[in-house]
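Only the coordinates and a few stated rules stand behind these numbers; no lab work does. Quick caveat, the model's predicted, so the values are computed rather than measured. All Cβ positions, even for glycine, are placed from backbone atoms using ideal geometry, and neighbour counts span all protein chains on display.
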Amino acid sequence: MSDARKILKEAAIQIGSGGSAGFVEVCIMHPLDLVKTRLQIQSGKILTKNDPKYYSGIFDCFRKMYKYEGLTSFWKGILPPILAETPKRAVKFFTFEQYKQLFLFGSPTPTPLTFSLAGLGAGITEAVLVNPFEVVKVTLQANRAVGKELPSTWVVTKEIVRADGLGLRGLNKGVTATIARNGVFNMIYFGFYHSVKGYLPEFEDPIQEFFRKVGIGFVSGTLASCINIPFDVAKSRIQGPQPISGQIKYRTTLGSVAIVYKEEGFRALYKGLLPKVLRLGPGGAIMLVVYDYMHTYLTRRFN
């Protein structure tokens, strides 16, 4: 087999493995992402605890959404992530492997710095590609309509483009916040996972080896989530509905972080942390483990 065919085959395996990892993760973990967004777009000045639009925490949000919007509301806005996450994760894992080669800096094997910089590059790349899907997803997740009253993904997309266009006030609103969020997350996520996985010895027993990878993946996703969440809050505020219709309060990433800190305090920068960790802790483990096993399967299947 020629070198070119080997490179193309490995690229296809990386893309297939990453896409599979993304699809599985989003189908399982989407309700927690939705709750995270609802908590993040909720400002600190509104409503009473009995109001269906006020959420005192993750379980209260689940309870009120189920009561007032129905069970299917937990999967509001899932189509954009399904359409985005499969290619997004494919891009993430594929570009991570390419950036890894770029950041070897002459070392025969990847170092923790290599993994971290490759993760940063992969996060920035995926953020630019998927930000329009994020804008549509957040718009749908913020909508409290029930059943058939909920507009379709396509209707919401057309309305965003009609009203604000494709630029930084429209379908690419909040792109710098998405870049910051994804870049920081993946820098820590990949850097920690691959560095620790290489440090801890593998188990010969497949079940023990599975749980070793799951454990490292869980810690990687949790740690990355805890560090990047202020950028995630800024992203949700920028891309979500503004407090006063017709007035743009949250414009820039750092400006939004400053406004939230000034008006609502330091803790507000960590709104949605619990559902985010509950999603991206196990979700991070799911992605990395599915990727590893799918990569091994496809490599054996097509070699």
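Between Val128 and Lys158, the contour length at 0.36 nm per residue exceeds the Cα-Cα span by 8.8 nm.
With r as the distance between the Cβ atoms of Leu113 and Phe302 and R0 = 41 Å, compute the FRET efficiency 1/(1 + (r/R0)^6) and round to 0.05.
Numbers: r = 32 Å, r/R0 = 0.78.
FRET efficiency, Phe302 to Leu113: 0.80.
What is the extension gain from Gln242 to Ile7, computed as 0.36 nm multiplied by their sequence separation minus the C-alpha to C-alpha distance, in nm to one decimal? Stretched fully, the Gln242-Ile7 segment lengthens by 79.9 nm. Sorting Val26, Val214 by the number of Cβ atoms found within 10 Å of their own Cβ, with the fewest placed first, yields Val214, Val26.
Would you please give the FRET efficiency between Glu263 and Leu200, computed as 1/(1 + (r/R0)^6) with r the Cβ-Cβ distance and R0 = 45 Å, to the nearest 0.05? Don't skip to the answer; put the middle values down first.
Working: r = 44 Å, r/R0 = 0.97.
FRET efficiency, Glu263 to Leu200: 0.55.
For segment 74-190, the square roots of the Cα gyration tensor eigenvalues, ordered a ≥ b ≥ c, give a/c of at least 1.5 with a/b greater than b/c, which places it in the prolate category. Principal axis analysis of the Cα atoms in the chain yields extents of 61, 39, 39 Å, listed in decreasing size. With the charge dipole of segment 58-146 set up from +1 on Lys and Arg Cβ and -1 on Asp and Glu Cβ about the Cα centre, the Cα lying farthest toward the positive end among the listed residues Thr125, Thr72, Pro87 is that of Thr72.
Could you line up Ser107, Ser116 from fewest to most neighbouring Cβ atoms inside 10 Å?
Numbers: Ser107 10, Ser116 20.
By the 10 Å Cβ count, ascending: Ser107, Ser116.
Across segment 290-303, rounded Karplus estimates of 3J(HN,Hα) from the backbone phi angles (6.51 cos²θ - 1.76 cosθ + 1.60, θ = phi - 60°) give 4, 4, 4, 6, 5, 5, 5, 5, 5, 5, 5, 5, 10, 10 Hz, Gly and Pro being marked x. The relative contact order of the chain, computed from alpha carbon pairs under 8 Å that lie at least 6 residues apart in sequence, is 25 percent. Computed 3J(HN,Hα) for segment 221-237, one whole-Hz value per residue from the Karplus formula 6.51 cos²θ - 1.76 cosθ + 1.60 where θ = phi - 60°, is x, 5, 4, 5, 5, 5, 8, 9, 5, x, 5, 5, 4, 4, 4, 5, 5, glycine and proline marked x.
Each peptide in 81-88, 16-23 was scored by the mean count of other Cβ atoms within 10 Å over its residues; highest first, the order is 16-23, 81-88. Only Lys, Arg, Asp and Glu carry charge here, each on its Cβ (+1 for the first two, -1 for the last two); on that basis the chain has a dipole of about 920 debye about its Cα centre.
Ellipticity at 222 nm from helices only: DSSP H runs of n ≥ 4 in the chain, each -39500 (n - 2.57), divided by the residue count, give -25500 deg cm²/dmol.
Other residues within the sphere of radius under 13 Å centred on the Cβ of Phe115, judged by their own Cβ, net out at +1 (K and R +1, D and E -1). For the listed peptides 199-212, 151-164, 284-297, a ranking on the average number of other beta carbons within 10 Å per residue, highest first, reads 284-297, 151-164, 199-212. Sorted ascending by nearby beta carbons within 10 Å, beginning with the fewest, Phe231, Phe190, Phe59 become Phe59, Phe231, Phe190.
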